[in-house]
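Novice: After the structure tokens below, expect a handful of questions from me.
The values are calculated or read from the model by the stated rules, or taken from the named source; none is laboratory data. As the structure is a computational prediction, the values presented were derived from the model and not from experiment. Note that each Cβ is placed from the backbone with ideal geometry, even for glycine, and that neighbours are counted across all protein chains shown. With ligands, DNA and RNA removed, areas are computed over all heavy atoms of the protein, side chains included. Shrake-Rupley method; radii C 1.70, N 1.55, O 1.52, S 1.80 Å.
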Amino acid sequence: LQPAAVKEKQAATLGIVLCGQDSCLNMIANYISMLPGAEPILRSYAGSYNSLHQLYLGKADIATSHLWDEETQSYNFPFITRLLPGMPVVVVRLMGRTMGIYIAKGNPKHITGIDSLQSGKIRMVNREKGSGTRILLDEKLKVYGIDRRNIPGYFQEYNDHLSIAGAVARGEADFGMGAETAARQVDGVDFVPIQTEWYDLVFPQERQGEPTFQILMEYLTGPRFREEVAATGPYDVSQTGKVFFL
């Protein structure tokens, strides 16, 4: 084998690559990896859009997605079918999360929603391109007709919810978007809810028969995972474990 092929073969034997950033994915990886007969779950922190792209390219085994499509007023399915053309997939609903805006305690800038960015006087920090949070914001800016170039701080990027909330808490920004769970972990911020999003796990249907994926499905669709998710934050578990075939 050529050196590049050797490296690719070695990487393929290390375990199952799971992409995404929510803390529940660490819980999944830790639980599955310790079970007999299961391959180790390796974590990649790619955002939703990039996660699906990695799955399509064969560089990841499992993707996660929380991508809002403004045209259909729905999460994930439109992006999954567009970004994974010709790939039949299993989609498992992990949970619902409340997405919204991190603001300073007491809301001194009187921020009421994304439309508050129209003034051009609200400083923000943003998520990286490809993240579900960035796509949600951009979809809403388009609806409101807000030019991102007129928003101070729009191009200043952080790679996770906690960093965004922390920047607002430190006074580096007035506005940041993310999940409610991070707002509860950072002192000095309040939270303005925008909408509930659905966070889904995605893998190729052809992998269903593999032992690790069978173990994964048993865990995600069973009561233990639902109970563990409910205990870790303000999540909506009403659809947790629901399975779709696309």
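Novice: Any residue in segment 76-102 that's charged (D, E, K, R): show its pairings with residues that are in a helix (DSSP H, G or I) and open to solvent by 20 Å² or more (accessible area, probe 1.4 Å) at Cβ separation under 9 Å, as long as the two are six or more apart or on different chains.
Specialist: What qualifies is 97/180; 97/181.
Novice: Test each condition in (1) out of contact with any Phe, Trp or Tyr (no Cβ under 7 Å at 6 or more places or on another chain); (2) among the charged types (D, E, K, R); (3) under 27 Å from residue 232 (Cα atoms) for residue 93 and report the one that comes out false.
Specialist: Here residue 93 clears every test but (1).
Novice: Can you tell me which residue within segment 69-97, out of those that are in a loop (DSSP other than H, G, I, E, B) and charged (D, E, K, R), is surrounded by the fewest Cβ atoms within 10 Å (Cβ to Cβ)?
Specialist: 71
Novice: Please list, ordered by first then second residue, the pairs with beta carbon atoms under 6 Å, 6 or more apart or interchain, first in segment 234-246 and at positive phi, second open to solvent by less than 50 Å² (accessible area, probe 1.4 Å).
Specialist: Taking only residues 6 or more apart or on different chains, the pairs are 241/220.
Novice: Sticking with this structure for a sec: Picking from 212, 240, which residue would you name as being open to solvent by less than 10 Å² (accessible area, probe 1.4 Å), modelled with pLDDT of 95 or more, within 22 Å of residue 21 (Cβ to Cβ) and assigned to a loop (DSSP other than H, G, I, E, B)?
Specialist: 240
Novice: So, residue 154, is that one modelled with pLDDT of 95 or more and within 28 Å of residue 240 (Cβ to Cβ) or not?
Specialist: Answer is no for this residue.
Novice: To continue, here is another question. Keeping to segment 142-159, report how many residues are over 21 Å from residue 107 (Cα atoms) and either buried (at least 19 other Cβ atoms within 10 Å of the Cβ) or without any contact (Cβ under 8 Å) to a residue 60 or more places away in the chain (or both).
Specialist: Result for segment 142-159: 11.
Novice: Of all residues in segment 123-182 being in a helix (DSSP H, G or I) and among the hydroxyl-bearing types (Ser, Thr, Tyr), which is farthest from residue 19 (Cα to Cα)?
Specialist: So, considering only residues that are in a helix (DSSP H, G or I) and among the hydroxyl-bearing types (Ser, Thr, Tyr), the one farthest from residue 19 (Cα to Cα) is 144.
Novice: Could you count how many residues in segment 103-122 are touching a Ser or Thr at 6+ places or on another chain (Cβ under 8 Å) and in contact (Cβ under 8 Å) with a residue 12 or more places away in the chain?
Specialist: Of the residues in segment 103-122, 2 are touching a Ser or Thr at 6+ places or on another chain (Cβ under 8 Å) and in contact (Cβ under 8 Å) with a residue 12 or more places away in the chain.
Novice: Of everything in segment 123-132 that's open to solvent by less than 10 Å² (accessible area, probe 1.4 Å) and without any contact (Cβ under 8 Å) to a residue 60 or more places away in the chain, which residue is nearest to residue 63 (Cα to Cα)?
Specialist: 126
Novice: Any residue at all in segment 101-111 that's at pLDDT 95 or above and closer than 30 Å to residue 221 by Cβ?
Specialist: no
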